Amino acid sequence: MKIIILLTCCFFTKQMSSQSDTVSPNIFIITTDGFRWQEVFNGADSVILHNTHYVKDTALLKQMFWDTNVDERRKMLMPFVWKTIARHGAVYGNRNYDNKVSVANPYRFSYAGYNEIFTGYADNSIIANRKKYNSNQTVLDFLNDKPEYKNKVAAFTSWNLFEYIFNKKESTIYLNSGYQTIVHDSLTDAEILANGVQQNAVNNLKSTRNDMLTFVTAKEYIQTQHPKVVYIGFGETDEYAHGGNYDEYLQSAHLFDEYLSQLWYLVNKDPFYKNNTSFIITTDHGRGQKPNTWVRHDMFTKGSSNIWLMTLGPKFETKGEVKINAAIYNEQLAQTIARLLGYNFEPQHPVADAAILSAVNKR
């Protein structure tokens, strides 16, 4: 009899634990590095698209991504954004309507941008993309200390410097960055294959991993481990832009849109995530706004601070393409994420207040 009672108690404890896991909301933060607001809202840039210095086959690229109608043109580049997020979520940052999303840090490069997103602090002491461990606390580590999210926070990034941005030396979150080998209990066949590809089939292991490998790595972990807070950072848009390859830059953005679509489908067919998972999607910095400056970004290049933001899911209001005069800064996102999950992010360093993206953010 005692054994039956004990087993019954264990069963209900497990059931209650499982229910508490699904009741507390889930959040996915997804970025693609250095992707301009101009392409998000206007589609392919006609001047750059027809420039043979930046495009190998202008006729082919025009066939794939050009239309004289801006609404059709941007759908060709990012169909999921404009057919799903714009209908069921919100898209911020169209400066044609004075709706502005910006980085607050003055340097406008990646380490500073990602620090700003995840710590809520535009730290002026971060002046270069260096392999230096970040002393600022991220909202990811903050959440991983909470009972509802303990050991349920994971990050997957193409750029290998996230080992330092997230301070892997002290961080408690699960992180797979760059071409790191995937390591955790019970690797799937796809993860074993990805490890093999990284170790044996990639001849040039650059600082930025192929985005498709990052996507596969994240997708497998999400399906098998069910983390509740997920960050996925893609990087090839910035890599191709710095190389002046506008055709590959657009192709990477198109693939990024497809990754968003697959991730949204994945979470909405999984009972663990369905109706309880929201997406925040953005970028770490802008780029030059002119046809001859789009390849770079820095504190002296006009347009480098101009970015965009998208939200989707039950924690956010459905606003469509936002066309009101307003301003949001990426430094507001860390507190926004914490508030959405029911917490107030109070690190030792300064932190910006939350952006008002839903009623949950108001305090």
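The values are calculated or read from the model by the stated rules, or taken from the named source; none is laboratory data. None of these values were measured; they are calculated from a predicted model. So basically every Cβ, Gly included, is an ideal-geometry build from the backbone, and we count neighbours across all protein chains shown. Heavy atoms of the whole protein, side chains included, go into the accessibility calculation; ligands, DNA and RNA do not. Shrake-Rupley method; radii C 1.70, N 1.55, O 1.52, S 1.80 Å.
Collect residues whose amide H, placed 1.01 Å from N in the peptide plane, falls under 5 Å from the amide H of Y231; neighbours closer than 5 in sequence don't count.
So Y231 has HN proximity to I29, A154, A155, F156.
Could you tell me which of the pairs K131/K319; K132/K290; K269/K319; K150/K274; K206/K323 are separated by over 28 angstrom between their Cα atoms in the structure shown?
K131/K319; K132/K290; K206/K323
Report relative contact order for the stretch 306-363 in percent, whole number only (criteria: Cα-Cα under 8 Å, sequence separation at least 6).
35
Tell me, what ³J(HN,Hα) does each residue in the stretch 329-336 have, in order and in whole Hz, if you take phi through Karplus 6.51 cos²θ - 1.76 cosθ + 1.60 with θ = phi - 60° and put x for Gly and Pro?
For the stretch 329-336, the Karplus curve yields 10, 4, 5, 7, 6, 4, 5, 4 Hz.
Quick one: longest stretch of the chain between exposed loop chymotrypsin sites (Phe, Trp or Tyr not before Pro), exposed meaning at most 14 other C-beta atoms within 10 Å and loop per DSSP?
After excluding every exposed loop site, the longest remaining stretch is 134-299.
Given 0.36 nm per residue, what is the gain on full extension from M299 to V70 after removing their alpha carbon distance, in nm?
79.5 nm
Just the number please: accessible area per residue for the chain, 1.4 Å probe, all protein chains included, in Å².
Dividing the accessible area of the chain by its residue count gives 44 Å².
So which aspartates and glutamates pass the test for K146, namely a Cα distance under 18 Å, with those fewer than 8 places away in the same chain ruled out?
Excluding near neighbours in sequence, the set is D21, E170, E346.
Tell me, how many Å apart are the Cα centres for the stretch 55-126 and for the stretch 302-323?
9
May I ask you to evaluate 6.51 cos²θ - 1.76 cosθ + 1.60, the Karplus curve with θ = phi - 60°, for each residue of the stretch 64-76 and list the ³J(HN,Hα) values in order in whole Hz, giving x for glycine and proline?
With the stated coefficients, the stretch 64-76 comes to 7, 10, 10, 8, 5, 8, 5, 5, 5, 5, 6, 5, 5 Hz.
Amide H of W159: which non-local residues (sequence gap of 5 or more, or other chain) have their own amide H closer than 5 Å, using H built in the peptide plane?
G178, R209
Normalised by the residues of the chain, what does the relative contact order come to in percent, with Cα pairs under 8 Å and at least six apart?
30
When the accessible area of the chain is computed with all protein chains present and a 1.4 Å probe, what percentage of it is carbon and sulfur?
The value for the chain is 51 percent carbon and sulfur by accessible area.
For the stretch 188-264 and the stretch 24-52, compute the distance between their C-alpha centroids and round to whole Å.
One Cα centre to the other: 16 Å.
Using the scaling law 2.2 N^0.38 Å as the reference, what is the normalised Cα Rg of the stretch 98-159?
In units of the globular-protein estimate, the stretch 98-159 measures up at 1.28.
Exactly which GluC sites (Glu not before Pro) in the stretch 142-248 are in a DSSP loop and have at most 13 other Cβ atoms within 10 Å?
Passing both the DSSP loop test and the Cβ count: E170.
Under 5 Å between amide hydrogens, which residues at least 5 positions from Y329 or on another chain qualify, with H placed 1.01 Å from N in the peptide plane?
Hits under the 5 Å cutoff: S102.
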